[in-house]
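> One structure is given below, represented as structure tokens, and several questions about it will come after.
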Amino acid sequence: MKKVLTIQDISCFGKCSITVALPIISAMGVETVILPTAVLSTHTMFKDFTVKDLTDQLVPITDHWKKEGLKFDVIYTGYLGSAEEIEIAKKIFVEFGGDDTMIFIDPVMADNGKLYAAFDENYAKLNAGLCGTADIIVPNITEACFMTDTEYKEVYDEDYVKDLLQKLAGLGSKVVVLTGVSLSEGKTGVYGLDTRTGEYFTYQNDRVNVSYHGTGDVFSSVSVGAIARGLSMKEAFRLAADYTARTIQVTEENPENPWYGVDFEATIPELVEALG
Ligand code: PXL
């Protein structure tokens, strides 16, 4: 069975990071090993959330894994709590990544033009350095702007997206994919660049005019699960974009209307079926 290591926080309530990645990637038939970077009472969009940083646990845990000879097919990082954790993640890539290990980085730190509560611009620069060591990175436009010193625009055209992709390519990752790219009315999706071939690719589906927390984590988790299962990158991103859009739609139809996260639990059976 393919094995993924995911390094991100546990937000106990709120449906994001590990509480999204673990059920989704496991349901896709891929063993999911977790390395929690912090435990929060909720994600950071709630008021008065608590945080217990776990930086001091990362090295002891991974030292134990080294003795056990663990290796991973994919290492997927999401929300990391501190600059020090970024440095530790780099070491983990070297220690646990073989030639066949795919390093997938979602540099979770910002959205809608703003950094999340825990982060500053220096953190964004360090995240840019981490992204340089990846095979695939999947920032949203805000994160890409912070990492490349680019002005954030709410309204943009294809040239702006391609310019941003070229700047991201300069960080050093093999494949760079921007998420949440909307180039026509009513559509949204991904726009990527394979820096090895210079080829751009895009996939758009219908935009739902509402934004939910954790949708980036849903998208990344499905992409990682699909890549681990051997789908091509384009197939993986298409599946992930379709699944995320479908899950947002189902969440919108829920009369309880949970503002804090999407109802991926309701759509997991469809995801499993789509894998055949
Ligand atoms: O979904 C991204 C995410 C992950 N982890 C924590 C967050 C967020 C987004 O706000 O707060 C703790």
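The values are calculated or read from the model by the stated rules, or taken from the named source; none is laboratory data. Because the structure is a prediction, the values reported are computed rather than measured. A quick note on method: Cβ atoms are made from the backbone with ideal geometry, for glycine too, and the neighbour counts reach across all protein chains shown.
> Going by what's in this entry, would residue 71 be described as basic (Lys, Arg) and either within 11 Å of the ligand (Cβ to nearest atom) or touching a Ser or Thr at 6+ places or on another chain (Cβ under 9 Å) (or both)?
yes
> Moving on. Picking from 207, 246, which residue would you name as being crowded, with 16+ Cβ neighbours inside 10 Å and over 30 Å from residue 2 (Cα atoms)?
On inspection, the qualifying residue turns out to be 207.
> Next question, about the same structure. How many residues does region 90-125 hold that are loosely packed, with under 13 Cβ neighbours inside 10 Å and of a type in the set (Val, Ile, Thr)?
Selection size over region 90-125: 1.
> Which one is farthest from residue 273 (Cα to Cα), of the residues in region 205-233 that are modelled with pLDDT of 95 or more and charged (D, E, K, R)?
The residue in question is 217.
> Quick test of your reading of the structure: residue 47 fulfils all but one of (1) within 17 Å of the chain's Cα centre (by Cα); (2) away from the ligand (no atom under 12 Å from the Cβ). Name the failing condition by number.
Unmet for residue 47, out of (1) within 17 Å of the chain's Cα centre (by Cα); (2) away from the ligand (no atom under 12 Å from the Cβ): (1).
> List pairs: first in region 103-114 and farther than 16 Å from residue 72 by Cβ, second hydroxyl-bearing (Ser, Thr, Tyr) and in a loop (DSSP other than H, G, I, E, B), Cβ under 7 Å, 6+ apart or cross-chain?
Within 7 Å, the pairs are 108/79; 109/116; 110/116; 113/152.
> Collect the residues in region 1-44 that are more than 19 Å from residue 106 (Cβ to Cβ) and either within 16 Å of the chain's Cα centre (by Cα) or of a type in the set (S, T, N, Q) (or both), keeping them in residue-number order.
Within region 1-44, 41, 42 qualify.
> Looking only at region 1-50, how many residues end up being in contact with a strand residue (DSSP E or B) (Cβ under 9 Å, 6 or more places away or on another chain), closer than 17 Å to residue 212 by Cβ and in a loop (DSSP other than H, G, I, E, B)?
Qualifying residue count for the region: 6.
> Could you say which residue among 211, 184 is of a type outside the set (A, V, I, L, M, F, W, C) and away from the ligand (no atom under 16 Å from the Cβ)?
Just one listed residue meets the conditions, 184.
> Something else: Which condition number does residue 51 fail, the rest of (1) in contact (Cβ under 8 Å) with a residue 40 or more places away in the chain; (2) surrounded by fewer than 18 Cβ atoms within 10 Å (Cβ to Cβ); (3) closer than 30 Å to residue 270 by Cβ being met?
So residue 51 meets the others, but not (3).
Here's the yes/no breakdown for (1) of a type in the set (A, V, I, L, M, F, W, C); (2) touching a Ser or Thr at 6+ places or on another chain (Cβ under 9 Å):
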site: 161; (1), (2): yes, yes
site: 168; (1), (2): yes, yes
site: 183; (1), (2): yes, yes
site: 207; (1), (2): no, yes
site: 216; (1), (2): no, yes
site: 223; (1), (2): no, no
site: 236; (1), (2): yes, yes
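> Kindly list the number of the only condition in (1) more than 22 Å from residue 5 (Cα to Cα); (2) touching a Gly at 6+ places or on another chain (Cβ under 8 Å) that fails for residue 173.
The failed condition is (1).
> Does any residue in region 65-82 that is within 14 Å of residue 93 (Cβ to Cβ) and without any contact (Cβ under 8 Å) to a residue 40 or more places away in the chain come within less than 8 Å, Cβ to Cβ, of a residue that is part of a loop (DSSP other than H, G, I, E, B) and among the small types (Gly, Ala, Ser) six or more places away or on a different chain, and which pairs are these?
Taking only residues 6 or more apart or on different chains, not a single pair turns up.
> Tell me, please, whether a residue that is away from the ligand (no atom under 16 Å from the Cβ) and in a loop (DSSP other than H, G, I, E, B) can be found in region 52-60.
no
> Spot the failing condition for residue 144; the list is (1) of a type in the set (A, V, I, L, M, F, W, C); (2) closer than 14 Å to residue 6 by Cβ; (3) buried (at least 20 other Cβ atoms within 10 Å of the Cβ); (4) in contact with a Leu (Cβ under 7 Å, 6 or more places away or on another chain), and only one is missed.
Unmet for residue 144, out of (1) of a type in the set (A, V, I, L, M, F, W, C); (2) closer than 14 Å to residue 6 by Cβ; (3) buried (at least 20 other Cβ atoms within 10 Å of the Cβ); (4) in contact with a Leu (Cβ under 7 Å, 6 or more places away or on another chain): (2).
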